[in-house]
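Structure record follows, encoded as structure tokens.
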Amino acid sequence: MSLPNIPNIDPRITLCNEDVFNLLMASIAMKGLGLSHLVNAEAEKVQFALGTLHASHDPACLDDILKINDSVRKTLTGVMQTELILLMQLSTTLESFVDANECENDNEDDCVE
């Protein structure tokens, strides 16, 4: 067996504070967008089961509706928990960026970069 051929990759990445802030904000926004797609899919699942999504579809029986309701409830609980985590990430990102800008503007020795 031969050894793998690994290319020489320079791991150094140079980003300014503004680039880091923009990447973090974009990451949080994309996660939120993904969660919104999950919520929309769950809404369509309920609409389909109730027969309101497509006029030609008959509504599901009560047992199926209750199972779908339980599934949607569990999914939305997970979405809400993830949204709370995203909110904490957003708060931390905003606070860190404000703190970093205050350090640059004040030129204080006790600021950490």
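The Stokes-Einstein estimate for the range 1-59, based on a Kirkwood radius over Cα pairs and taken at 4 °C with 1.567 mPa s viscosity, is a diffusion coefficient of 80 µm²/s. Residue-normalised convex hull volume from the C-alpha trace of the chain: 244 Å³ per residue. Between the Cα long axis of helix 62-106 and the first principal axis of the chain there is an angle of about 20°, rounded to the nearest 10. The label-point distance for residue 70 and residue 91, in a model that sets each label 7 Å from Cα toward Cβ, rounds to 3.4 nm.
With n ≥ 4 as the cut-off for DSSP H runs, can you work out [θ] at 222 nm for the chain, using -39500 (n - 2.57) per run divided by the number of residues, rounded to the nearest 500? Display every interim value, and only then the final one.
Values: 2 runs with 79 residues, N = 113.
Only helices count here, giving -26000 deg cm²/dmol.
Residues of the range 64-100 with an amide N closer than 18 Å to a point placed 7 Å from the Cα of residue 48 along the Cα-to-Cβ direction: 64-76.
Coordinate-derived values only; no laboratory data. Since the model is a prediction, treat every value here as computed from it, not as a measurement. Positions of Cβ are backbone-derived with ideal geometry, glycine not excepted, and every protein chain shown enters the neighbour counts.
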